[in-house]
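The values are calculated or read from the model by the stated rules, or taken from the named source; none is laboratory data. Keep in mind that this is a model prediction, so the values were computed, not measured. Cβ placement follows ideal geometry from the backbone for every residue including glycine, while neighbour counts extend to all protein chains displayed. Side chains included, ligands, DNA and RNA excluded: accessible areas come from the protein's heavy atoms. Shrake-Rupley method; radii C 1.70, N 1.55, O 1.52, S 1.80 Å.
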Amino acid sequence: MASIFSKIIAGDIPSYKIAENDKYYAFLDINPAAKGHVLVVPKQEVDYIFDLDDDILGGLIKFAKPIAKALDTAFSPIRTGIIVEGLEVPHAHVHLIPMYPDRKGFSLGKKVDLSSDEMQQVANDIRKHL
Ligand code: AMP
């Protein structure tokens, strides 16, 4: 059965899309650990990130880089961090999480409550800088 992220990539489940090319898809995490929390996913459905082919794994970071820079420009965090966990969704992905002065360091799990209008605004603010 397709993973929830494959369903998002296929457009069967809605997402706050940030960027896409033929190999990768980026969208807002629905349970943001901070404003601007983005998931970057290879379209190839592989559970464990270190089972990805080398070129897809390397390309994942390259695809994530301008998104991290866009987060930095859009929201001026101290910096944007990257987490790999993968315990909830068995489809490899990285979390990009801006770190703000009030929360140096980070962990996963919902920490900010944003309405769907606010999530859409966050996505627009990131896309403007890509
Ligand atoms: P993990 O697999 O532990 O790295 O975490 C999976 C992440 O996917 C969690 O932070 C969830 O909030 C997020 N997530 C799960 N379903 C969705 C969805 N439909 N849209 C956006 N993010 C999601």
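Considered as a group, the residues in region 52-79 that are over 13 Å from the mean Cα position of the chain (by Cα) and aliphatic (A, V, I, L, M) include one that is farthest from the ligand (Cβ to nearest atom), and that residue is Ile78. The set of residues from region 1-30 being open to solvent by less than 50 Å² (accessible area, probe 1.4 Å), assigned to a strand (DSSP E or B) and not small (Gly, Ala, Ser) comprises Ile18, Tyr24, Tyr25, Phe27, Leu28.
Which residues, counting only those in region 82-98, are among the aliphatic types (A, V, I, L, M), part of a loop (DSSP other than H, G, I, E, B) and open to solvent by less than 10 Å² (accessible area, probe 1.4 Å)? If you could, list the steps in order and put the result at the bottom.
Going residue by residue through region 82-98, those that are among the aliphatic types (A, V, I, L, M) are 82-84, 87, 89, 92, 94, 96-97.
Filter again for part of a loop (DSSP other than H, G, I, E, B), leaving 84, 87, 89, 92.
Once the filter is applied, which keeps residues that are among the aliphatic types (A, V, I, L, M), part of a loop (DSSP other than H, G, I, E, B) and open to solvent by less than 10 Å² (accessible area, probe 1.4 Å), region 82-98 yields only Ala92.
Being closer than 15 Å to Lys17 by Cβ, within 16 Å of the ligand (Cβ to nearest atom) and either of a type in the set (Lys, Arg) or not in a helix (DSSP H, G or I) (or both): is that true of Leu108 here? Judged against the criteria, Leu108 is not a match.
Starting from residues that are without any contact (Cβ under 8 Å) to a residue 60 or more places away in the chain and surrounded by 17 or more Cβ atoms within 10 Å (Cβ to Cβ), keep the ones in region 31-51 and report whichever is nearest to the chain's Cα centre (by Cα). Show your work before the answer.
Of all residues in region 31-51, those without any contact (Cβ under 8 Å) to a residue 60 or more places away in the chain come to 39-51.
Subsequent filtering for residues that are surrounded by 17 or more Cβ atoms within 10 Å (Cβ to Cβ) retains 39-42, 49.
Numbers: Leu39: 2, Val40: 4, Val41: 7, Pro42: 11, Ile49: 14 Å.
The extreme case among them is Leu39.
Taking (1) small (Gly, Ala, Ser); (2) out of contact with any Phe, Trp or Tyr (no Cβ under 6 Å at 6 or more places or on another chain); (3) open to solvent by less than 40 Å² (accessible area, probe 1.4 Å) in turn, Ser107 satisfies each apart from (3). Looking only at region 53-80, residues that are surrounded by 17 or more Cβ atoms within 10 Å (Cβ to Cβ) and outside any helix (DSSP H, G or I) come to 2 in all.
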